[in-house]
Amino acid sequence: MYLYHFGLRELPFTLTPNTQFYCELAPHQEALQVLHTALAAGEGFIKVTGEVGTGKTLLCRKLLREVSDRYQVAYLPNPFLSPDEMRRAVAAELGVSVQADQQQLTAAISDKLMELAMAGRQVVLLLDEAQALPDDTLEALRLFTNLETERFKLLQVVMFGQPELDQRLAQPNLRQLRQRITFSYQLRGLTREESRNYLQHRLQVAGYRGEALFSAGQLDALWQASGGVPRLLNVLSHKALMLSFGQGDQRIRTQTIKAVVADTEAARPWPGLWQQTRLWWLVALAVLLLGSGLAARWWPEGLV
C-alpha cells in the first residue's frame with residue numbers, strides 16, 4: 001500500500017469507525033453534548049439521526065467509550081431483530097441467562113436492571129442503524145423503558161439512525177414512543193472549513209508530517225464532490241493516495257482528484273469543460289444583449 005511512500009504509520013482514510021481518528025468538529029461535538037446531557041438527566045429515549053456516512057456509528061462508539069465507566073452499557077450494532085431476539089440480545093449484553101421463555105426472560109432482565117440500579121449503575125442501551133428496527137420491536141423497547149424507580153429510568157435507550165427513522169416514528173402507531181424522545185440531534189454534512197480540518201486531522205493522526213498533500217483548491221474540490229459527507233471524503237482521499245502512489249507522485253495532482261471523483265459513483269460529478277464553456281457563452285450572450293439594448297437606446301435613430 002502507500003504507507004511508506006507518504007511516510008504514514010497507518011491508513012488515514014479507512015471506513016471503519018475508529019475512535020482514534022475522531023475529529024472534534026462542531027456537529028459531532030454538539031451531538032455528544034446533547035447525548036451526555038440527556039443521559040445525565042435520566043431520559044428514556046434519545047435519538048441521533050443523519051444521512052448515510054455522516055458519522056453516526058463513530059459517534060456511537062465514541063459515546064460507548066466515554067460513558068462505560070459511569071453506566072452499564074449494552075450495545076446492539078444490528079437491531080434488525082424481533083422483540084424476542086432483542087430481549088435475548090439485551091439479556092446477553094447484561095450477563096443474564098437467555099435459557100428461558102419470554103416471560104421469564106423479561107422478568108430476569110427487570111431484576112438485573114433493578115440490581116444494577118441499586119448498585120448505582122444505570123443501564124444505557126445503544127442501538128446503531130435504528131431505522132431497521134421493526135415496529136413491534138420498537139414497541140417492546142418502549143415497554144422496557146416503563147421500568148423505573150421513583151427517581152429515574154432503569155433503562156435509557158439511545159438510537160442512532162438514518163432519516164428513515166424519523167419517518168418511521170412519524171407513524172400514528174408509534175406516537176407513544178415518539179412522545180418519549182425528549183432529546184434528539186440531527187447530524188449535518190461538514191462545511192468547507194470543517195472538511196479541510198477533518199482530512200488534515202486524519203493525516204496527522206496517521207503519522208503524516210510532510211508538506212501539505214492536498215492543495216487548498218483540491219480540498220475544496222473534495223468537499224464539493226463529497227457534499228461534506230465524511231465517509232465520501234474518506235473514500236475519495238484514499239483513492240487519491242492510492243492513485244498517486246501508483247503514479248509515483250509525492251503530492252496529489254488535480255488530475256488525480258478528477259479521476260477519483262469520476263470513479264466514485266456516490267460523488268458529485270466534477271464540473272466538465274462543457275459546463276464551463278456553456279457558462280462563458282451565457283456570460284458573453286448576456287453582455288451582447290445588454291450592449292444591443294444600450295445601442296438601441298442611445299444610437300441615433302437613423303443609424304440603428
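The values are calculated or read from the model by the stated rules, or taken from the named source; none is laboratory data. Keep in mind that what you see is a predicted model, and the values were worked out from it rather than measured. Glycine also receives a Cβ, built like all others from the backbone with ideal geometry; neighbour counts cover every protein chain displayed.
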Every pair of residues 6+ apart whose Cβ atoms lie under 7 Å, when the first sits in segment 23-51 and is in contact (Cβ under 8 Å) with a residue 60 or more places away in the chain while the second is of a type in the set (Asp, Glu): 25/194; 26/194; 49/166
Residue in segment 213-244 that is nearest to residue 53 (Cα to Cα), counting only those that are surrounded by 18 or more Cβ atoms within 10 Å (Cβ to Cβ) and among the hydroxyl-bearing types (Ser, Thr, Tyr): 226
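With respect to residue 48, is the statement that it is over 24 Å from residue 120 (Cβ atoms), assigned by TED's automatic domain parsing to the domain that holds residue 164 and not in a helix (DSSP H, G or I) true? I'd like the intermediate steps shown before the answer.
Values: over 24 Å from residue 120 (Cβ atoms): yes; assigned by TED's automatic domain parsing to the domain that holds residue 164: yes; not in a helix (DSSP H, G or I): yes.
Spelling it out, residue 48 is indeed over 24 Å from residue 120 (Cβ atoms), assigned by TED's automatic domain parsing to the domain that holds residue 164 and not in a helix (DSSP H, G or I).
Determine if segment 2-15 includes at least one residue that is within 21 Å of residue 126 (Cβ to Cβ) and either in a helix (DSSP H, G or I) or assigned by TED's automatic domain parsing to the domain that holds residue 197 (or both). Quick ask: steps written out before the conclusion?
The first filter runs over segment 2-15 and keeps only residues within 21 Å of residue 126 (Cβ to Cβ), leaving 15.
Pick out the ones that are also either in a helix (DSSP H, G or I) or assigned by TED's automatic domain parsing to the domain that holds residue 197 (or both) and you get none.
Scanning segment 2-15, I find no residue that is within 21 Å of residue 126 (Cβ to Cβ) and either in a helix (DSSP H, G or I) or assigned by TED's automatic domain parsing to the domain that holds residue 197 (or both), so the answer is no.
When you check residue 219 against the structure, is it in a helix (DSSP H, G or I), of a type outside the set (Gly, Ala, Ser), at pLDDT 90 or above and out of contact with any Lys or Arg (no Cβ under 6 Å at 6 or more places or on another chain), yes or no?
Values: in a helix (DSSP H, G or I): yes; of a type outside the set (Gly, Ala, Ser): yes; at pLDDT 90 or above: yes; out of contact with any Lys or Arg (no Cβ under 6 Å at 6 or more places or on another chain): no.
It is false that residue 219 is in a helix (DSSP H, G or I), of a type outside the set (Gly, Ala, Ser), at pLDDT 90 or above and out of contact with any Lys or Arg (no Cβ under 6 Å at 6 or more places or on another chain).
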Unique match (being closer than 26 Å to residue 17 by Cα, in contact with a Gly (Cβ under 9 Å, 6 or more places away or on another chain), in a helix (DSSP H, G or I) and touching a residue at least 24 places away in the same chain (Cβ under 8 Å)) among 188, 196, 168, 142: 168
Counted residues, segment 98-139 - those being outside any helix (DSSP H, G or I), within 24 Å of residue 174 (Cβ to Cβ) and aliphatic (A, V, I, L, M): 6
Failed item, numbered, when residue 45 is tested on (1) in contact with a Lys or Arg (Cβ under 8 Å, 6 or more places away or on another chain); (2) under 30 Å from residue 251 (Cα atoms); (3) aromatic (Phe, Trp, Tyr): (2)
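Mind listing whichever residues of segment 109-119 are within 23 Å of residue 133 (Cα to Cα) and out of contact with any helix residue (DSSP H, G or I) (no Cβ under 6 Å at 6 or more places or on another chain)?
Looking only at segment 109-119, we keep the residues that are within 23 Å of residue 133 (Cα to Cα), and these are 109-110, 113.
If the condition is that a residue be within 23 Å of residue 133 (Cα to Cα) and out of contact with any helix residue (DSSP H, G or I) (no Cβ under 6 Å at 6 or more places or on another chain), then 110, 113 are the ones that fit.
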Index of the failed condition, residue 80 passing every other in (1) farther than 30 Å from residue 191 by Cβ; (2) more than 24 Å from the chain's Cα centre (by Cα); (3) not hydroxyl-bearing (Ser, Thr, Tyr): (2)
Residue among 96, 34, 90, 73 that alone is under 24 Å from residue 152 (Cβ atoms), within 20 Å of the chain's Cα centre (by Cα), outside the structural domain of residue 199 (by TED's automatic domain parsing) and surrounded by 15 or more Cβ atoms within 10 Å (Cβ to Cβ): 34
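Residue 59: in the same structural domain as residue 31 (by TED's automatic domain parsing), within 21 Å of the chain's Cα centre (by Cα) and either at pLDDT 95 or above or aliphatic (A, V, I, L, M) (or both), yes or no? Steps first, answer last, please.
Values: in the same structural domain as residue 31 (by TED's automatic domain parsing): yes; within 21 Å of the chain's Cα centre (by Cα): yes; either at pLDDT 95 or above or aliphatic (A, V, I, L, M) (or both): yes.
Here the answer is yes, as residue 59 does meet what is asked.
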Check on residue 43, touching a strand residue (DSSP E or B) at 6+ places or on another chain (Cβ under 8 Å) and more than 17 Å from residue 157 (Cα to Cα): no
Failed item, numbered, when residue 247 is tested on (1) in contact (Cβ under 8 Å) with a residue 12 or more places away in the chain; (2) surrounded by fewer than 17 Cβ atoms within 10 Å (Cβ to Cβ); (3) under 14 Å from residue 260 (Cβ atoms): (1)
